[in-house]
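Let me begin by presenting the structure, written as structure tokens, before commenting on it.
The values are calculated or read from the model by the stated rules, or taken from the named source; none is laboratory data. Note that the structure is predicted; figures quoted are calculated from it, not measured. Heads up, the Cβs are rebuilt from the backbone with ideal geometry, glycines too, and the neighbour counts pull from every protein chain shown.
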Amino acid sequence: MATSTDAERVNRIIKHMNSQHRLELSHYLRHHHSLSSRAASPALLTSLTLTSMTITDRNGKAYTVPIDPPLATWADARTRLADMDTEARKHLGLSDVTLDTYKPPSSFTEVLVFSSVAAFFFCYATLPYVTPGTKVYSLLDQFWPRNGAESYIRLVKFIFLPVLGTHILEMALLDIKRLQPYGVERFSKLWWTWQISCFIEGFSTFKRTKAIVNAKRAEKEKASKGH
């Protein structure tokens with residue numbers, strides 16, 4: 001029979017899970033009910049017993065997730081819920097580390113690449129304004145090598161599709177190899193930030209996401225050794 005102390009402990013667990021572990025709750029839904037990452041987020045824990053929990057998806061639909069084996073006491077909840085998340089991550093092909101932040105280009109090389117590619121896309125976007133009789137056309141005609149402005153226009157058009165195709169491919173690979181395995185919800189604000197950055201600068205985003213993940217993993221290992 002549940003006591004008032006048990007009820008208080010359950011309420012504390014529910015409050016803690018909803019404030020600190022919403023991602024884990026979404027993992028439970030994805031693992032046990034095959035929801036997409038988008039449908040399962042944000043998840044909300046609404047009730048908890050020794051044998052199961054009830055979690056709602058982003059639309060408020062409730063799902064029952066079994067706790068198997070059941071909890072012997074509420075003192076086992078922390079370890080058991082962590083084990084359930086580990087099991088869910090393994091089933092979903094997710095890392096034990098979550099990428100939950102964006103880091104902009106910072107090194108000289110990264111800033112140079114970002115600026116150069118952004119400048120190229122600006123050049124392509126402004127081609128309609130590079131026409132005979134305009135000031136920019138006259139300047140290019142005067143200073144651009146090999147046939148001036150017309151050579152500039154041909155060059156920008158020639159390399160646009162290869163650059164565009166390469167960067168779209170890199171965006172797809174970033175999603176598959178970095179963002180999805182490390183728990184970044186597709187089409188979320190963080191997902192779009194990384195993808196837009198990748199569209200402009202390309203491969204540098206792979207190195208930065210790897211560095212963030214490695215730092216988080218090292219921090220996690222250090223914390224586990226401290227316990």
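Return the residues of segment 93-130 that are part of a loop (DSSP other than H, G, I, E, B), free of Cβ contacts under 8 Å to residues at least 12 places away in the same chain and farther than 18 Å from residue 160 by Cβ; say none if nothing qualifies. Spell out how you get there, then give the answer.
Restricting attention to segment 93-130, the residues satisfying the condition of being part of a loop (DSSP other than H, G, I, E, B) are 93-107, 126, 130.
Now restrict to residues that are free of Cβ contacts under 8 Å to residues at least 12 places away in the same chain: 106-107, 126.
Those that are part of a loop (DSSP other than H, G, I, E, B), free of Cβ contacts under 8 Å to residues at least 12 places away in the same chain and farther than 18 Å from residue 160 by Cβ: 106, 107.
Return the residues of segment 173-188 that are modelled with pLDDT of 95 or more and farther than 21 Å from residue 90 by Cβ; say none if nothing qualifies.
173, 174
Of all residues being free of Cβ contacts under 8 Å to residues at least 24 places away in the same chain and in a strand (DSSP E or B) in segment 37-82, which is farthest from residue 224 (Cα to Cα)? Just the residue, please.
62
If you check every pair at least six apart or on different chains, which have Cβ atoms under 6 Å apart with a residue in segment 157-179 that is within 18 Å of residue 37 (Cβ to Cβ) first and a residue that is of a type in the set (Gly, Ala, Ser) second?
Short answer, once both residue conditions are applied: none.
Filter segment 15-29 for residues that are surrounded by 16 or more Cβ atoms within 10 Å (Cβ to Cβ) and among the small types (Gly, Ala, Ser) and give the result.
26, the sole residue that qualifies.
Every residue, every condition in (1) crowded, with 18+ Cβ neighbours inside 10 Å; (2) closer than 14 Å to residue 102 by Cβ, yes or no:
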residue: 157; (1), (2): no, no
residue: 162; (1), (2): no, no
residue: 168; (1), (2): no, no
residue: 175; (1), (2): no, no
residue: 178; (1), (2): yes, yes
residue: 182; (1), (2): yes, yes
residue: 188; (1), (2): no, yes
residue: 196; (1), (2): no, yes
residue: 223; (1), (2): no, no
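Could you tell me how many of the residues in segment 30-64 are crowded, with 20+ Cβ neighbours inside 10 Å and closer than 15 Å to residue 14 by Cβ?
Total satisfying the criteria: 5.
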